[in-house]
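One structure is given here, and the rest of the page talks about it.
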Amino acid sequence: MCLAAAAQVTLAPDNIDEVLSQMTLKEKASLVVGAGYKSMLAGITGARVPVPGAAGMTRAIPRLGIPAIVLSDGPAGVRIEPERRGTEATFYCTGFPIGSLLSSTWNADMVERVGEAIGNEALEYGVDVLLAPGMNIQRNPLCGRNFEYYSEDPVLSGTIAAAYVNGVQGQGVGACIKHFAANNQETNRFWNDSRVDEETLREIYLRNFEIAVKLSQPWTVMASYNRLNGTHTQQDRWLLTDILRGEWGFGGLVMTDWTGKRDTPAQIGAGCDLMEPGLSSQINELVRKVRSGDLAEDALDTCVRRVLELIVKTPMFKGYEPSLSPDLKAHADIALEAALEGIVLLENRSAALPLAPGSMVALFGVGSYQLLPGGTGSGHVHRPYVVNLDEGLTAEGFGISEDVATKYRSHIDKNRPRKTLLSGMLGTSGAPEMELDRAVVEAIADDADCAVITISRQAGEGGDRHLEDDFLLADNELPMIRDVCEVFHARGKKVTVVLNVGGVVEIASWKELPDAIVLAWQPGQEGGHAIAQILSGRVCPSGRLPVTFPADYFDLPSSANFPYDYSGRSTMAGGGRDSDKDVRNVGYTEYAEGLEVGYRHFVLSGSTGVSYPFGYGLSYTTFEVSEPVFTGDSVSVTVTNTGSVAGKEVVKIMNPFLTAFGKTRLLHPGESQTLFLQPSML
Ligand code: BGC
């Protein structure tokens, strides 16, 4: 026996090549293929895994000291199972506001703090890579996952994503920017071919990813489900190697989205390093293809090396012992702060808001008593609680008209969604809107001082939204708004509508009815407190729109090429079918509007008449903003609070598109701040 040959190498940050040289072909193949669904389904099957409910894992190779690392969703908080067999302990994670609200803050520092808190929960629950942020461009208002994403504008999207990544990675946990790229609809999401010209791709759909890569060096990138100009992004060498690595200098790992088996060797050849969730048959195929000479072993080695480089950075590899008890109270405070900064005041006629202290509020709309804190699918979070608006208003010292509250609460109780395995994992919609009898409104209007109506919308992964009953008000919502406004206005009392939505809705046709409109988005678990503190004036609204609210859906050029009337649904599991490949907007989608995405259409075409433009948002105070002064590669602007309450202001430099932005600290009346903005030179 040769003693020298028995020496066994164990993985360390400085011996990756040596470890690689000792791996068998099968071991190499197993390292680029994830460990399947066992962690995601552990809450159901009871499988013993480090983190039940985590979306995926890699495979361990114990003889070489290579541990399995844990990957978990997602954008609004860590998505893991909140309960585990054999213990009374719970594992809830903070439900933060959705992506669209985070970008509405226009405050990168705030978003970085959210990233830090989410990263810390990942760390303390044993997660190595957080599968977030989602950052596809909001090309069309009806994309079912827009709530997870940031903006129609690449500079805002890329900058906010970078802040989030920096926050997460500052905790020693990896982030994963997703879904790369041009994944802008859910219909037929596994197969749809996004057909985009190169200029548009680079200016819009890749630019935000480029900014995020350059400003934050994410550890990982997730290639999307869809095809891009005929090729699945997961096997697109031009995208994953030439552009991402060659042009932008990305030094991390690329993983697939949670796809079944595709052309695994082609994915490796393109520079896609990790197949998730991973099937054993992919390992065998890789071994066969290398043996037959169809796949170069060098290409496999490159991917294996990147997986090892990722592993040595992780808490798991470093032997970090998760406490399993992150500071959920401190993180709830951050969730509240973020929600307060991202809520957008859209209308406020005759200073309807803030509400008079201690007012008696008549609260209408199911969403007032069952707030939707976030969307469904992998962006769902098992949060410990949700603060509803009635609770938030009570905590702010308002009275609630109990007669109508009782009706809503009993309607909600009767319409609790049936709990299924999938809804347990991925979240649900709320109860349908209750039919509101005008007599009920009349009966309480005398005793109430004002009315607040909440309109809610749910959306999520696996399906796009629709025009009817979704983008547009449903048949029973318009009468509700009209009746409440007529009855309250007849008594000289004001009405506020709160929009608890994940994406853009039509407002133009009814915006004159109420006195105030507050866009609360889906504000996370502290939502009720956040909305109430804006309504009371304790906090001055400072959110601004990250996306255009068109007057009419069909004013947006992308509406000509989006499946807004498609009745079939992608399902979480199915994702559509390849046999639809010749069906327009299902099998393929032409991005014929080119650069005319969101506000760029209105700038480039000179069309006017949106409901609310990109960057819009009202305040309870007023600001004076100086002319920008350009010095070298920075711009300075001085902002003065000229009103009577403390507030924050957003400044953006449009040239003619967004090139830089910033937000002031809280400025008291008369106070000024000079902001130094760094235009995006990317
Ligand atoms: C989603 C990803 C998610 C993954 C793991 C996929 O269906 O598209 O965003 O990270 O599942 O849960």
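The values are calculated or read from the model by the stated rules, or taken from the named source; none is laboratory data. In this text, all values refer to a predicted model and were calculated from it rather than measured experimentally. When we count neighbours, we look across all protein chains shown, and the Cβ atoms used for this are built from the backbone with ideal geometry, even at glycine. Ligands, DNA and RNA are excluded from the accessible area calculation, which covers all protein heavy atoms including side chains. Shrake-Rupley method; radii C 1.70, N 1.55, O 1.52, S 1.80 Å.
Could you grab me the full set of residues in region 215-258 that are of a type in the set (S, T, N, Q) and within 14 Å of the ligand (Cβ to nearest atom)? Break it down stepwise before answering.
Start the filter on region 215-258 by keeping residues that are of a type in the set (S, T, N, Q), which leaves 216-217, 220, 224, 226, 229, 231, 233-235, 241, 256.
Selection gives Thr220, Ser224, Asn226, Thr233, Gln234, Thr256.
Under 7 Å between Cβ atoms, which residue pairs at least 6 apart in sequence (or on different chains) link something in region 664-682 that is more than 13 Å from Thr631 (Cβ to Cβ) with a partner that is outside any strand (DSSP E or B) and at pLDDT below 95?
That search, which allows pairs on different chains as well, returns Met681/Asp633.
Pick out, from region 1-94, the helices (runs of 4 or more DSSP H) lying fully within it that include 2 or more residues that are open to solvent by 70 Å² or more (accessible area, probe 1.4 Å) and under 27 Å from Cys272 (Cα atoms). Let's see the steps before the verdict.
Working: elements: 16-22, 25-31, 42-45.
Correct list: 16-22.
With the condition kept exactly as written, say whether any residue in region 638-649 is under 27 Å from Leu604 (Cβ atoms), open to solvent by less than 50 Å² (accessible area, probe 1.4 Å) and of a type in the set (A, V, I, L, M). I'd like the intermediate steps shown before the answer.
Taking region 638-649 first, the residues under 27 Å from Leu604 (Cβ atoms) are none.
Taking every residue of region 638-649 in turn, none turns out to be under 27 Å from Leu604 (Cβ atoms), open to solvent by less than 50 Å² (accessible area, probe 1.4 Å) and of a type in the set (A, V, I, L, M).
Name every residue in region 217-231 that is open to solvent by 20 Å² or more (accessible area, probe 1.4 Å), in a loop (DSSP other than H, G, I, E, B) and over 14 Å from Leu253 (Cα atoms), in order of residue number.
Going residue by residue through region 217-231, those that are open to solvent by 20 Å² or more (accessible area, probe 1.4 Å) are 217, 219, 227, 229-231.
Among the residues that remain, those that are also in a loop (DSSP other than H, G, I, E, B) are: 217, 219, 229-230.
Selection gives Asn229, Gly230.
So Phe364 clears everything in (1) surrounded by 24 or more Cβ atoms within 10 Å (Cβ to Cβ); (2) more than 22 Å from Gly537 (Cα to Cα) except one condition, right? Which one?
Among (1) surrounded by 24 or more Cβ atoms within 10 Å (Cβ to Cβ); (2) more than 22 Å from Gly537 (Cα to Cα), the lone unmet condition for Phe364 is (2).
Going residue by residue through region 73-89, is there one that turns out to be of a type in the set (Asp, Glu), within 16 Å of the ligand (Cβ to nearest atom) and touching a Gly at 6+ places or on another chain (Cβ under 9 Å)?
Yes, because at least one residue in region 73-89 is of a type in the set (Asp, Glu), within 16 Å of the ligand (Cβ to nearest atom) and touching a Gly at 6+ places or on another chain (Cβ under 9 Å).
Residues that are within 30 Å of Val586 (Cα to Cα), of a type in the set (Lys, Arg) and in contact with a strand residue (DSSP E or B) (Cβ under 9 Å, 6 or more places away or on another chain): does region 485-494 have at least one?
no
Answer with yes or no whether Asp555 is surrounded by 14 or more Cβ atoms within 10 Å (Cβ to Cβ) and either in the same structural domain as Ser509 (by TED's automatic domain parsing) or over 30 Å from Pro354 (Cβ atoms) (or both).
On the way: surrounded by 14 or more Cβ atoms within 10 Å (Cβ to Cβ): yes; either in the same structural domain as Ser509 (by TED's automatic domain parsing) or over 30 Å from Pro354 (Cβ atoms) (or both): yes.
Criteria met by Asp555.
Please verify whether Leu123 is in contact with a helix residue (DSSP H, G or I) (Cβ under 9 Å, 6 or more places away or on another chain), more than 16 Å from the ligand (Cβ to nearest atom) and within 25 Å of Ala42 (Cβ to Cβ), treating the condition exactly as stated. It would help to see each step written out before you state the result.
On the way: in contact with a helix residue (DSSP H, G or I) (Cβ under 9 Å, 6 or more places away or on another chain): yes; more than 16 Å from the ligand (Cβ to nearest atom): yes; within 25 Å of Ala42 (Cβ to Cβ): yes.
Spelling it out, Leu123 is indeed in contact with a helix residue (DSSP H, G or I) (Cβ under 9 Å, 6 or more places away or on another chain), more than 16 Å from the ligand (Cβ to nearest atom) and within 25 Å of Ala42 (Cβ to Cβ).
Being closer than 15 Å to Leu363 by Cα, without any contact (Cβ under 8 Å) to a residue 60 or more places away in the chain and of a type in the set (Val, Ile, Thr), is that true of even one residue in region 482-491?
Yes, there is a match, as at least one residue in region 482-491 is closer than 15 Å to Leu363 by Cα, without any contact (Cβ under 8 Å) to a residue 60 or more places away in the chain and of a type in the set (Val, Ile, Thr).
Name the residue that is farthest from Glu593 (Cα to Cα), counting only residues in region 183-192 that are over 14 Å from the mean Cα position of the chain (by Cα) and within 12 Å of the ligand (Cβ to nearest atom).
It comes out as Phe190.
Filter region 179-208 for residues that are acidic (Asp, Glu) and crowded, with 24+ Cβ neighbours inside 10 Å and give the result. Give the steps one after another, and end with the answer.
Just the residues of region 179-208 that are acidic (Asp, Glu), to begin with: 186, 193, 197-199, 203.
Matches in region 179-208: Glu186 only.
Under the condition of being in a loop (DSSP other than H, G, I, E, B) and within 14 Å of the ligand (Cβ to nearest atom), which residue from region 259-278 is surrounded by the most Cβ atoms within 10 Å (Cβ to Cβ)? Full working, then the answer.
Taking region 259-278 and keeping what is in a loop (DSSP other than H, G, I, E, B), we get 259-263, 271-273, 276-278.
Within this subset, residues satisfying the condition of being within 14 Å of the ligand (Cβ to nearest atom) are 259-260, 276-278.
Numbers: Thr259: 19, Gly260: 11, Glu276: 22, Pro277: 23, Gly278: 26.
By that ranking, first place goes to Gly278.
Assuming Phe180 fulfils every condition listed in (1) out of contact with any Leu (no Cβ under 8 Å at 6 or more places or on another chain); (2) within 15 Å of the ligand (Cβ to nearest atom) apart from one, which condition is it?
For Phe180, the exception is condition (1).
Do we find a residue being small (Gly, Ala, Ser), at pLDDT below 95 and either in the same structural domain as Gly503 (by TED's automatic domain parsing) or assigned to a loop (DSSP other than H, G, I, E, B) (or both) anywhere in region 628-638?
yes
Which fully enclosed helices (runs of 4 or more DSSP H) of region 376-430 have 2 or more residues being within 16 Å of the ligand (Cβ to nearest atom) and surrounded by 18 or more Cβ atoms within 10 Å (Cβ to Cβ)? Please lay out each step first, then the result.
On the way: elements: 389-395, 402-414, 421-426.
Where helices (runs of 4 or more DSSP H) fall fully within region 376-430 and carry at least 2 residues being within 16 Å of the ligand (Cβ to nearest atom) and surrounded by 18 or more Cβ atoms within 10 Å (Cβ to Cβ), they are 421-426.
Read through the list (1) within 16 Å of the ligand (Cβ to nearest atom); (2) within 25 Å of Lys318 (Cβ to Cβ), then give the number of the only condition that Gly99 fails.
Of the numbered conditions (1) within 16 Å of the ligand (Cβ to nearest atom); (2) within 25 Å of Lys318 (Cβ to Cβ), the odd one out for Gly99 is (2).
If you take the residues of region 164-178 that are surrounded by fewer than 24 Cβ atoms within 10 Å (Cβ to Cβ) and of a type in the set (Gly, Ala, Ser), which of them is farthest from Ile69 (Cα to Cα)?
Of all residues in region 164-178, those surrounded by fewer than 24 Cβ atoms within 10 Å (Cβ to Cβ) come to 166, 169-172.
Checking which are of a type in the set (Gly, Ala, Ser) leaves us with 170, 172.
Details: Gly170: 18, Gly172: 13 Å.
So the residue we want is Gly170.
Restrict the check to region 33-46 and report whether at least one residue is outside the structural domain of Pro384 (by TED's automatic domain parsing), more than 16 Å from the ligand (Cβ to nearest atom) and farther than 29 Å from Pro373 by Cβ. Steps first, answer last, please.
Within region 33-46, the subset outside the structural domain of Pro384 (by TED's automatic domain parsing) is 33-46.
Those still in the list that are more than 16 Å from the ligand (Cβ to nearest atom) too: 45-46.
Okay, now just the ones that are also farther than 29 Å from Pro373 by Cβ, so none.
No, that holds for no residue.
Give, as residue ranges, the strands (runs of 3 or more DSSP E) completely inside region 431-539 that count at least 1 residues that are surrounded by 22 or more Cβ atoms within 10 Å (Cβ to Cβ) and at pLDDT below 95. Quick ask: steps written out before the conclusion?
Details: elements: 450-456, 494-500, 516-519.
Those strands (runs of 3 or more DSSP E) do not exist here; none qualify.
Looking only at region 232-249, which residues are within 24 Å of the chain's Cα centre (by Cα) and either modelled with pLDDT under 95 or open to solvent by less than 10 Å² (accessible area, probe 1.4 Å) (or both)? Let's see the steps before the verdict.
Pass one, region 232-249, residues within 24 Å of the chain's Cα centre (by Cα): 232-234, 239-240, 244, 248.
Thr233, Gln234, Leu239, Leu240, Leu244, listed by residue number.
For region 279-288, enumerate the residues that are more than 16 Å from the ligand (Cβ to nearest atom) and either of a type in the set (Val, Ile, Thr) or open to solvent by 10 Å² or more (accessible area, probe 1.4 Å) (or both). It would help to see each step written out before you state the result.
Residues of region 279-288 more than 16 Å from the ligand (Cβ to nearest atom): 280-288.
Those that are more than 16 Å from the ligand (Cβ to nearest atom) and either of a type in the set (Val, Ile, Thr) or open to solvent by 10 Å² or more (accessible area, probe 1.4 Å) (or both): Ser280, Ser281, Ile283, Asn284, Glu285, Val287, Arg288.
Is it the case, given these coordinates, that Arg544 is touching a strand residue (DSSP E or B) at 6+ places or on another chain (Cβ under 9 Å), of a type in the set (D, E, K, R) and within 29 Å of Val114 (Cα to Cα)? Can you show your working first?
Numbers: touching a strand residue (DSSP E or B) at 6+ places or on another chain (Cβ under 9 Å): yes; of a type in the set (D, E, K, R): yes; within 29 Å of Val114 (Cα to Cα): yes.
Considered against the rule, which asks whether it is touching a strand residue (DSSP E or B) at 6+ places or on another chain (Cβ under 9 Å), of a type in the set (D, E, K, R) and within 29 Å of Val114 (Cα to Cα), Arg544 comes out as yes.
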